1. So if each residue of separation counts as 0.36 nm, and I subtract the Cα-Cα distance between A44 and L93, what length gain in nm does that give?
2. Would you grab the residues whose amide H sits under 5 Å from the one on G90? Only those 5+ places off in sequence or on another chain, please, with H modelled 1.01 Å from N.
3. Testing the spin-label approximation: label points 7 Å from Cα along Cα→Cβ at D57 and A159. State their distance in nm.
4. Can you sort F43, F150 so the residue with the fewest Cβ neighbours within 10 Å comes first?
5. Using a Förster distance of 22 Å, how high is the FRET efficiency between W149 and H14, based on the Cβ-Cβ distance and rounded to 0.05?
6. With label points built 7 Å along Cα→Cβ from the Cα atoms of R137 and R32, find their separation and express it in nm.
7. Long-range amide H contacts for Y21: which residues qualify at under 5 Å (H placed 1.01 Å from N, peptide plane, sequence gap of 5 or more or a different chain)?
8. Got a sec to turn the phi values of segment 61-67 into Karplus ³J(HN,Hα) couplings, 6.51 cos²θ - 1.76 cosθ + 1.60 with θ = phi - 60°, whole Hz, x for Gly and Pro?
Amino acid sequence: MLLAGVGTGLDLPHLPVQHSYIGLDLNRAMLRRALPRAKSVDFAPVQGDAQRLPFADASFDMAILHLILAVVPEPAHCLAEVARVLRPGGQLLIFDKFLYRGQTALLRRLANPLLRRVATRLDVVFEDVLGAAPSLRVLHDQPALAGGWFRTIRLSKSA
């Protein structure tokens with residue numbers, strides 16, 4: 001299972017132990033911080049760019065993108081790359097903050113120019129990002145946390 005943008009590994013202690021995980025991050029220091037959190041799971045850290053994954057096509061049955069699409073410079077490239085490395089029938093779990101197409105969200109849009117430089121984007125529209133990965137279809141999309149600022153999304157790659 002691919003954890004693209006694993007960061008410091010906050011997800012690792014909560015993952016099922018019966019799977020093997022490859023945690024990818026751009027920053028080697030983040031991967032070092034993730035290692036102690038991986039003691040209960042089979043985890044291999046890999047330094048790399050989530051927008052240019054260093055894996056062959058159809059390498060994974062499942063991928064997780066938690067809080068990464070609003071951080072990478074090109075979220076559509078990241079999603080397209082994850083779709084590329086998923087096997088047909090593979091699934092992708094996403095948790096992040098997204099706007100809905102046409103959503104005003106004035107406060108988020110006003111804060112975005114500053115926050116995108118120091119932490120995260122607040123203006124990513126998931127439906128626009130999804131257009132870069134036509135092989136993915138939405139199985140589940142539900143608002144979560146902070147009055148719906150965050151969404152949990154499950155996708156499947158068509159055969």
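1. Stretched fully, the A44-L93 segment lengthens by 15.7 nm.
2. Those qualifying (amide H under 5 Å, at least 5 residues apart or on another chain) are K157.
3. Those two pseudo-labels are separated by 1.8 nm.
4. F150, F43
5. 0.55
6. Taking the two extended label points, one gets 4.6 nm.
7. Excluding prolines and chain starts, which carry no amide H, the hits are D42, F43, A44.
8. So the J values, rounded to whole Hz, are 7, 8, 9, 10, 10, 9, 6.
Here, each number is a calculation from the coordinates, and none is a lab measurement. What you see is a predicted model; the values in this text were computed from it and never measured. Virtual Cβ from ideal backbone geometry, glycine too; neighbours counted across all protein chains shown.
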